[in-house]
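The values are calculated or read from the model by the stated rules, or taken from the named source; none is laboratory data. Keep in mind that this is a model prediction, so the values were computed, not measured. Glycine gets a Cβ as well: all are built from the backbone with ideal geometry, and neighbour counts include every protein chain shown.
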């Protein structure tokens, strides 16, 4: 029994610590997942709480796991894990049954699990938690109660600082497809022979006021007494999807600029703002000034946004604004605005508005490149 308790303690501790850390590395990604949940369950009025809840959840998971693994405030850690599993196990079961969101986001973008895999994981953790709970009095206190609380609160403060650092300066580890060093076009290729999406198609026909469903093999193609009404296609098996599958950049007039951007020799600097109205005025202004400098220096500069055409035209600053899908922009860089520097189609740098290089950096870059 002692071995089982040790295994349970290590497993739960590491799982919750890992889950908390990967969420803290990408707090905006976790906030987007909360937003998806709220939309799926018609709780859109909670969207403004997404980021706060994301940071709170990652901190709670990390501290609960840290407490159990180290033995500091051990019983408190067990209660923390109990509360988290009591909340999320039923939720993941509902998600597995209804599948309104395909990926629960429990391990951020580091590891993707289906909803049934997530529910199964939680069931295993519940079993291990029961083992820990029955042996909760076997763990002796390491330090005085006050000392343990001081360590726990210090860990909480440092962890929150870590979360905000990743929020401001981009994730310290990039789990997204648009990593530095990636050639974007290579990540868009679909290899030969890979599985494709499989759909079940149902044909609805009507005869004498009665509607009936048929499949592709038995629909009444040669019986004119049946009248076609509608057809439905349901995805039954998802095929291969390349890491980058939605990178489409268009001008405000509708011209596709994707290949032009990816095939250009030399530097291309992308300023990315999923919604211009949600960016700070100073951050946008500084970005536009940097864009004008880049253009004057021979660096192509584009502003990518999902904001409406009329809103974009209101800026009227002579820069090239382009339209892109909001989800794509969120995936490209976790900042608003954020920046990606491309050379010959390869990502060579990513920054947020808080640490984007200044004019001097670009001047040195061009000198070195000559």
Between residues in segment 358-370 that are within 14 Å of residue 286 (Cβ to Cβ) and assigned by TED's automatic domain parsing to the domain that holds residue 290 and residues that are modelled with pLDDT of 80 or more and surrounded by 10 or more Cβ atoms within 10 Å (Cβ to Cβ), which pairs lie under 6 Å by C-beta distance while being six or more apart or on different chains? 359/293
Would you point out the residue of segment 80-122, among those that are within 23 Å of residue 63 (Cα to Cα) and surrounded by fewer than 14 Cβ atoms within 10 Å (Cβ to Cβ), that is modelled with the lowest pLDDT? 111
Of the listed residues (42, 112), the one being assigned to a loop (DSSP other than H, G, I, E, B) and on the phi > 0 side of the Ramachandran plot is 42
For the structure I just gave you, tell me whether residue 176 is closer than 18 Å to residue 76 by Cα and surrounded by 15 or more Cβ atoms within 10 Å (Cβ to Cβ). no
Among (1) surrounded by fewer than 12 Cβ atoms within 10 Å (Cβ to Cβ); (2) more than 27 Å from residue 346 (Cβ to Cβ); (3) within 30 Å of the chain's Cα centre (by Cα), which single condition is residue 194 missing? (2)
Take residue 103 and tell me if it is under 30 Å from residue 336 (Cα atoms) and not in a helix (DSSP H, G or I). yes
Identify all residues within segment 257-266 that are over 26 Å from the mean Cα position of the chain (by Cα) and either at negative phi or not assigned by TED's automatic domain parsing to the domain that holds residue 312 (or both); write none if there are none. 260, 263, 264, 265
Out of 142, 158, 176, I need the residue that is within 30 Å of residue 270 (Cα to Cα) and either without any contact (Cβ under 8 Å) to a residue 12 or more places away in the chain or assigned to a loop (DSSP other than H, G, I, E, B) (or both). Which one? 176
Please count how many residues of segment 281-308 are surrounded by 12 or more Cβ atoms within 10 Å (Cβ to Cβ) and either more than 24 Å from residue 365 (Cβ to Cβ) or assigned by TED's automatic domain parsing to the domain that holds residue 31 (or both). 4
Within segment 242-257, can you find the residues that are surrounded by 12 or more Cβ atoms within 10 Å (Cβ to Cβ) and either touching a helix residue (DSSP H, G or I) at 6+ places or on another chain (Cβ under 9 Å) or assigned to a loop (DSSP other than H, G, I, E, B) (or both)? 242, 243, 244, 245, 246, 247, 248, 249, 250, 252, 257
So, in segment 7-48, exactly how many residues are loosely packed, with under 13 Cβ neighbours inside 10 Å and within 30 Å of residue 135 (Cα to Cα)? 1
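Table: residues versus (1) in a strand (DSSP E or B); (2) more than 21 Å from the chain's Cα centre (by Cα); (3) surrounded by 20 or more Cβ atoms within 10 Å (Cβ to Cβ).
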| residue | (1), (2), (3) |
| --- | --- |
| 329 | no, no, yes |
| 335 | no, no, yes |
| 339 | yes, no, yes |
| 342 | yes, yes, yes |
| 357 | no, yes, no |
| 362 | no, yes, no |
| 366 | no, yes, no |
Among the numbered criteria (1) assigned by TED's automatic domain parsing to the domain that holds residue 77; (2) surrounded by 14 or more Cβ atoms within 10 Å (Cβ to Cβ), which one does residue 127 miss? (2)
Flagged in segment 179-208 as in contact with a strand residue (DSSP E or B) (Cβ under 8 Å, 6 or more places away or on another chain) and part of a helix (DSSP H, G or I), in numbering order, are 184
